[in-house]
Amino acid sequence: MNIITVIPLTRSKMVSELSYFTASTVPKGAIVSVPLRSSTINAIVIDVKPVSDMKSAIKDATYALKKLGKVKATAFFPASFMDSCKSLADYYATNISIVIDKLMSTTLIENAHRITPPCIPTTTTSQNETFAVQGDDIDRISSWRSLIRQEFARKKSLVIYVPTIEDVRNMYRMLEKGIEGYIFKLHSGLSEKDILSTWESIATINHPLVIIATGSYALMPRSDIDTVIIEYENGKGWITQRAPYLDVRHALETISQKHKQTIHIADRLLRVETLKRLDNHELTEGTPFKWRSITTAKETLIDMRNKKLDSTIQEIEHSKKEDVEERKAPVKFRILSSELELLINKNLQDNSHLFIYTVRRGMSPMTVCSDCETIVSCKNCSAPVVLHTSKESGKNFFMCHKCGERRSAMETCTHCASWRLTPLGIGIDRVAEEIKKQFPMVDVFKIDGDTVKTDKQIHATIDKFKAKPGSILLGTEMALLYLPEKIEYVALVSIDSLFALPDFRIQEKIMYTLIRLRAAADRSFLVQTRRPLEKIFEYGMKGNLSDFYRTTLDERMQFSYPPYSLLIKLTIEGKKEAIANDMVAFVKLLEPHDIDVFPAFTSTIKGKSVIHGLLKISPRAWPDPELVAKLRSLPSHVSIKVNPESLL
């Protein structure tokens, strides 16, 4: 008789280990089904001991041991993978089961008894090397093609990890020519049948392979994978959306280092933290490495500041009080510059295509009372509402992009009852309305979270846009994933609203967006802004990655932000007084570490508040076992984010 210790594979924050008895011999790493409360769940065996060795522990136990359920797959998880996941669980102050859940597809675990188990890579080097690769897309893809030929000649396979499903599809399309039959893709958008059949093909084909996957396939059923590429490293989608908010880039690198694989971390613009590692000689500069991004497009920065409006304001400030009303003649707020209007006409005449990027959905991302400056907020969750126009009635309405609440825009200020509610900012619907008003003959297509809901709808919109020369595609950030090919003309209507966000990463996000849009343009790249003196536009329009990095690094050092510190953000949601008391208790618990306590940038469900606590510690001092234990002891309603993407 044996006592089996298992890790429950569950997404909930619960006990990290459970024990059962069995008469069978079950190896470590096996996947088993175990009874838990009124249900049966999957679990991983991490320890096996004879009952004779644990008599005293069993006698003193306050609960009765249950019998182990069915053994689904023996030795499924390699010991090296389990060790890596344990290290990651310590790093993110969470349970190992939650880490495994994020790094291995549920489809594979549930069908573990039917498929070939993952393999430990048999590498030819005693120590792995990690390269940083920064360059334009065409250069990096050329490098990967050369690397694939090199690895195939060595009879070795390689895997390329990307953040999103669409990135998998795009990378597959760019690399498949010439290696058809030896390149595979794995992602959650595939059916269960396709995932399992692809997995078995990867396991059984007697030829080196290229595998392109998302991070939920951190293990593969091949022992010949010598190289791991982490592509689009600065892209969105690497951080898991639920606890433990795992940075999958970091997890994949940790696992690959454990397996002594060669790692390439790549993007058109690498993260500031990664470039700092390069400075510190923790990474080796890959070939080719570029500090300046090149484009064939003509670049134009348009100053949208209204000189007439500035002059009017100055006159009002220097006028007598009685003359003010006479001088308050309304000055039109322009959505489209004359240069963009000319570009729309040129696009129509040339029978080409124009993509216009907008940051926000709706008509205007914010509405403010002109009398008391109160922001119009959601009555359900208190978040700022966005102004939209109904397609059916043509009437304006407010919509909350956080909870989905809708209501008529025909209302007065809740604070002072004023009717003077002023829309601020430029949303995608507002741009579409202006284009249709001035260019009724032009076909306009949209890709944003309100217009297209499925992957199929997005691809259908792209196909219609491509089939209509002279047309315009309007899109928010989600559209960029679906535009792998260059477009003749690209314009950015406004990105100015992002500068107002109190986020230490915002400059990097804006720069990355500018670089992506610039790279997508073939003939012309036009940017409109009312903040033309921001240095970020100078760097972005010229592709000056080096100066951007140095400037941003200096700012990060000044405020002790990453890479000069490791941030841990605690978030509590609830009644204002209750969460304030909770945070006081947590501050005391986590002593001697200092916690900066501040309210959230946006509110949550009505009647509740959100409060953050921020710890800054030395990256070399993490993970600290004592602090990790304290963080793990916090109640389940406390959100813990290690190295958060944002402080908002």
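Computed quantities for the displayed model
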{"quantity": "Unmet criterion (only one of (1) under 23 Å from LEU88 (Cβ atoms); (2) surrounded by fewer than 19 Cβ atoms within 10 Å (Cβ to Cβ)) for ILE205", "calculated": "(1)"}
{"quantity": "Close pairs from region 519-545: first at negative phi and not assigned by TED's automatic domain parsing to the domain that holds ASP136, partner part of a helix (DSSP H, G or I) and of a type in the set (Phe, Trp, Tyr), Cβ under 6 Å, at least 6 apart", "calculated": "TYR539/PHE548"}
{"quantity": "Restricting region 483-512 to residues that are surrounded by 19 or more Cβ atoms within 10 Å (Cβ to Cβ) and of a type in the set (Ser, Thr, Tyr), the residue that is nearest to HIS353 (Cα to Cα)", "calculated": "TYR489"}
{"quantity": "Residues of region 151-167 satisfying the condition of being over 19 Å from ILE205 (Cβ atoms) and either over 26 Å from the mean Cα position of the chain (by Cα) or not hydroxyl-bearing (Ser, Thr, Tyr) (or both)", "calculated": "VAL162, PRO163, ILE165, GLU166, ASP167"}
{"quantity": "ARG242, sole failed condition from (1) buried (at least 20 other Cβ atoms within 10 Å of the Cβ); (2) over 21 Å from TYR512 (Cβ atoms)", "calculated": "(1)"}
{"quantity": "Test: ASP167 is acidic (Asp, Glu), closer than 22 Å to TRP238 by Cα and at pLDDT 95 or above", "calculated": "yes"}
{"quantity": "Residue pairs meeting the criteria (Cβ under 9 Å; at least 6 apart or on separate chains; first in the same structural domain as LYS436 (by TED's automatic domain parsing) and modelled with pLDDT of 95 or more, in region 340-356; second charged (D, E, K, R) and assigned to a helix (DSSP H, G or I))", "calculated": "SER352/LYS346; HIS353/LYS466; LEU354/LYS346"}
{"quantity": "Lone unmet requirement of (1) at positive phi; (2) in contact with a helix residue (DSSP H, G or I) (Cβ under 6 Å, 6 or more places away or on another chain) for GLY237", "calculated": "(2)"}
{"quantity": "Evaluation of ALA578 against (1) loosely packed, with under 15 Cβ neighbours inside 10 Å; (2) modelled with pLDDT of 95 or more (one fails), failing number", "calculated": "(2)"}
{"quantity": "Any hit, region 568-580, residues being farther than 24 Å from LEU501 by Cα and either touching a Gly at 6+ places or on another chain (Cβ under 8 Å) or touching a residue at least 40 places away in the same chain (Cβ under 8 Å) (or both)", "calculated": "yes"}
{"quantity": "Qualifying residue in region 466-476 (condition: touching an Asp or Glu at 6+ places or on another chain (Cβ under 9 Å) and among the hydroxyl-bearing types (Ser, Thr, Tyr))", "calculated": "yes"}
{"quantity": "Qualifying residue in region 125-148 (condition: in contact with an Asp or Glu (Cβ under 6 Å, 6 or more places away or on another chain), over 30 Å from ASP522 (Cβ atoms) and either among the polar types (S, T, N, Q) or not in a helix (DSSP H, G or I) (or both))", "calculated": "no"}
{"quantity": "Subset of region 606-632 that is at pLDDT below 90 and surrounded by fewer than 15 Cβ atoms within 10 Å (Cβ to Cβ) - its residue that is farthest from the chain's Cα centre (by Cα)", "calculated": "GLY607"}
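Let's see how each residue does on (1) among the charged types (D, E, K, R); (2) buried (at least 18 other Cβ atoms within 10 Å of the Cβ); (3) in contact with a Pro (Cβ under 8 Å, 6 or more places away or on another chain):
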{"position": "LEU517", "(1), (2), (3)": "no, yes, no"}
{"position": "ASP522", "(1), (2), (3)": "yes, no, no"}
{"position": "PHE525", "(1), (2), (3)": "no, yes, no"}
{"position": "SER546", "(1), (2), (3)": "no, no, no"}
{"position": "TYR549", "(1), (2), (3)": "no, yes, no"}
{"position": "ARG556", "(1), (2), (3)": "yes, yes, yes"}
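The values are calculated or read from the model by the stated rules, or taken from the named source; none is laboratory data. The model shown is predicted, which means the values in this text are computed figures rather than measured ones. No Cβ is skipped: glycine too gets one built from the backbone with ideal geometry, and neighbour counts run over all protein chains shown.
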